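Structure, as structure tokens:
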Amino acid sequence: MGDLREEYLLNLEALGLASLRVQSAYKGDRIEAAAIETHFGLHAVYDLHEAYFQHQLIRSLREQDDHLEAGGGEVVGALALARGARTHRLVTVAQPGGFGDLPYGMGPYGAGWLWAAHTWEAPVFRRRAQWYDDGVKWRYLHVPLDDAWKWFLDRVPAA
């Protein structure tokens, strides 16, 4: 159990640092850097998601989704979905790619690097896609990362 906790804490720190670096990139108007740091944040969310459910002994997607929904973790599920879509579609975050390539981009309401609308249609992920629409889409990149960080912080595995 100690190794899982240490890995969890390391990924929690990685998520927090990624969010801070996204915010720093915004201030420096370094859009590509913000996208890259968001990429690292998504990986940290995914790793935490996997460690959390391993600790909880919850394996099926449906049971994970029920658990997330009951505990206010919808943003975690949405970001895990976004990370999976990015990874398995092999899109890059090294440069802005617009809504067609990345799950984030310029928003419809003016300037700002925001999470874009998703295009994920698989029925098995319908719930997480709805959570993405409700809690991630059109928000500044760091805000959902911060929400996920807070959720995971409240659920650190016992030593």
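Of all residues in region 40-90, how many are open to solvent by 20 Å² or more (accessible area, probe 1.4 Å) and within 9 Å of the chain's Cα centre (by Cα)?
4
Looking only at region 93-114, decide whether some residue is assigned to a helix (DSSP H, G or I) and either open to solvent by less than 10 Å² (accessible area, probe 1.4 Å) or modelled with pLDDT of 95 or more (or both).
Within region 93-114 (the criterion being assigned to a helix (DSSP H, G or I) and either open to solvent by less than 10 Å² (accessible area, probe 1.4 Å) or modelled with pLDDT of 95 or more (or both)), the answer is no, since none of the residues qualifies.
Return the pairs, sorted by first residue and then second, in which the second residue is open to solvent by 70 Å² or more (accessible area, probe 1.4 Å) and assigned to a helix (DSSP H, G or I), the first residue lies in region 42-61 and is under 16 Å from R128 (Cβ atoms), the beta carbons are less than 7 Å apart, and the residues are 6+ apart or on different chains.
L61/V124
Residues are listed down the side, and each one gets a yes or a no for (1) farther than 18 Å from R139 by Cβ; (2) in contact with a strand residue (DSSP E or B) (Cβ under 9 Å, 6 or more places away or on another chain); (3) part of a helix (DSSP H, G or I):
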| position | (1), (2), (3) |
| --- | --- |
| A14 | yes, no, yes |
| V22 | no, yes, yes |
| A34 | no, yes, yes |
| H39 | no, no, yes |
| Y46 | yes, no, yes |
| A51 | yes, no, yes |
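Here are the criteria: (1) more than 20 Å from D134 (Cα to Cα); (2) at pLDDT below 95; (3) of a type in the set (D, E, K, R). Tell me which single one R83 does not satisfy.
Result: R83 fails condition (1) only.
Are there any pairs with C-beta distances below 7 angstrom linking a residue in region 7-31 that is farther than 24 Å from A158 by Cα and open to solvent by less than 40 Å² (accessible area, probe 1.4 Å) to a residue that is polar (S, T, N, Q) and modelled with pLDDT under 90, with the two at least 6 apart or on different chains, and if so which?
Hits for this filter: V22/T38.
The values are calculated or read from the model by the stated rules, or taken from the named source; none is laboratory data. Bear in mind the structure is a predicted one, so any value in this text is a computation, not a measurement. FYI the Cβ positions are ideal-geometry reconstructions off the backbone, even for glycines, and counts take in every protein chain you see. Just so you know, the surface numbers come from the protein's heavy atoms only, side chains and all, with ligands and any DNA or RNA stripped out. Shrake-Rupley method; radii C 1.70, N 1.55, O 1.52, S 1.80 Å.
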